[in-house]
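S.K.: Here it is, the structure, as structure tokens.
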Amino acid sequence: MATKKAAGTAKNLRDSQPKYLGIKKTAGEKVGLGQIIVRQRGTKIEAGKGVNVGKDHTLYAAQPGTVSFRSLRKKRFDGSLVVKKAVDVIA
């Protein structure tokens with residue numbers, strides 16, 4: 001026999017820490033060397049001219065200049081075309 005009445009457990013009291021993903025600099029904004037432009041999971045947005053990719057797929061400025069976004073058509077290995085966004089830094 002139990003000496004205490006059984007109590008339920010709380011299952012939904014945990015939450016993960018926010019990751020603060022997304023576009024940090026919009027088109028037309030000035031950026032300096034190494035400033036973060038986009039934080040993302042996977043390469044949803046590709047790196048263009050004047051932009052480098054970090055190990056967690058973060059896009060950052062490789063040169064100071066102005067941010068600009070454009071559409072990019074890429075061919076996949078199976079021959080299908082996909083339209084992706086690309087970000088450039090124009091000096």
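S.K.: Among the residues of segment 77-89 satisfying the criterion of being touching a strand residue (DSSP E or B) at 6+ places or on another chain (Cβ under 6 Å) and among the charged types (D, E, K, R), which is nearest to Gly22 (Cα to Cα)?
M.R.: Filtering segment 77-89 for residues touching a strand residue (DSSP E or B) at 6+ places or on another chain (Cβ under 6 Å) gives 81-89.
Filter again for among the charged types (D, E, K, R), leaving 84-85, 88.
Values: Lys84: 16, Lys85: 13, Asp88: 16 Å.
The selected residue is Lys85.
S.K.: Can you report the number of residues in segment 74-91 which are surrounded by 14 or more Cβ atoms within 10 Å (Cβ to Cβ) and acidic (Asp, Glu)? Can you show your working first?
M.R.: Kept after step one, since they are surrounded by 14 or more Cβ atoms within 10 Å (Cβ to Cβ), are these residues of segment 74-91: 85-89.
Right, trim to acidic (Asp, Glu) and you get 88.
Residues in segment 74-91 being surrounded by 14 or more Cβ atoms within 10 Å (Cβ to Cβ) and acidic (Asp, Glu): 1 in total.
S.K.: Next question. With the structure loaded, tell me whether Glu29 is acidic (Asp, Glu), touching a Lys or Arg at 6+ places or on another chain (Cβ under 9 Å) and under 15 Å from Asp88 (Cβ atoms) or whether it fails that test.
M.R.: On the way: acidic (Asp, Glu): yes; touching a Lys or Arg at 6+ places or on another chain (Cβ under 9 Å): no; under 15 Å from Asp88 (Cβ atoms): yes.
Here the answer is no, as Glu29 does not meet what is asked.
S.K.: Still on this structure, please answer the following. So Thr26 ticks every box in (1) under 15 Å from Arg70 (Cβ atoms); (2) surrounded by 12 or more Cβ atoms within 10 Å (Cβ to Cβ) but one. Which box is left unticked?
M.R.: Unmet for Thr26, out of (1) under 15 Å from Arg70 (Cβ atoms); (2) surrounded by 12 or more Cβ atoms within 10 Å (Cβ to Cβ): (2).
S.K.: Could you pull out the residue among Ile36, Ile90 that is among the aliphatic types (A, V, I, L, M) and in contact with a Phe, Trp or Tyr (Cβ under 9 Å, 6 or more places away or on another chain)? Show your work before the answer.
M.R.: Numbers: Ile90 fails: in contact with a Phe, Trp or Tyr (Cβ under 9 Å, 6 or more places away or on another chain).
Just a single option satisfies the conditions, and that option is Ile36.
S.K.: Examine segment 82-91 for a residue that is at pLDDT below 95 and not basic (Lys, Arg), and state whether such a residue exists. Quick ask: steps written out before the conclusion?
M.R.: Step one: filter segment 82-91 for residues at pLDDT below 95, giving 91.
Within this subset, residues satisfying the condition of being not basic (Lys, Arg) are 91.
Yes, the conditions are met somewhere in segment 82-91.
S.K.: Hey, another quick one. Has segment 64-73 got any residue that is of a type outside the set (S, T, N, Q), touching a strand residue (DSSP E or B) at 6+ places or on another chain (Cβ under 9 Å) and surrounded by fewer than 10 Cβ atoms within 10 Å (Cβ to Cβ)? Steps first, answer last, please.
M.R.: At the first step, the residues of segment 64-73 found to be of a type outside the set (S, T, N, Q) are 64-65, 67, 69-70, 72-73.
Now restrict to residues that are touching a strand residue (DSSP E or B) at 6+ places or on another chain (Cβ under 9 Å): 64-65, 67, 69-70, 72-73.
Of the ones still in play, those that are also surrounded by fewer than 10 Cβ atoms within 10 Å (Cβ to Cβ) are 73.
So far as segment 64-73 goes, yes, one or more of its residues are of a type outside the set (S, T, N, Q), touching a strand residue (DSSP E or B) at 6+ places or on another chain (Cβ under 9 Å) and surrounded by fewer than 10 Cβ atoms within 10 Å (Cβ to Cβ).
S.K.: Continuing with this model, one more query. Wholly within the chain, which strands (runs of 3 or more DSSP E) include no fewer than the required count, namely at least 3 residues that are within 13 Å of the chain's Cα centre (by Cα) and touching a residue at least 12 places away in the same chain (Cβ under 8 Å)?
M.R.: Working: elements: 36-39, 45-47, 51-53, 59-61, 65-75, 81-90.
Strands (runs of 3 or more DSSP E) meeting the threshold: 36-39, 45-47, 81-90.
The values are calculated or read from the model by the stated rules, or taken from the named source; none is laboratory data. As the structure is a prediction and not an experimental result, all values here were calculated from the model. Neighbour counts are summed over all protein chains in view; Cβ atoms, including those assigned to glycine, are modelled from backbone coordinates with ideal geometry.
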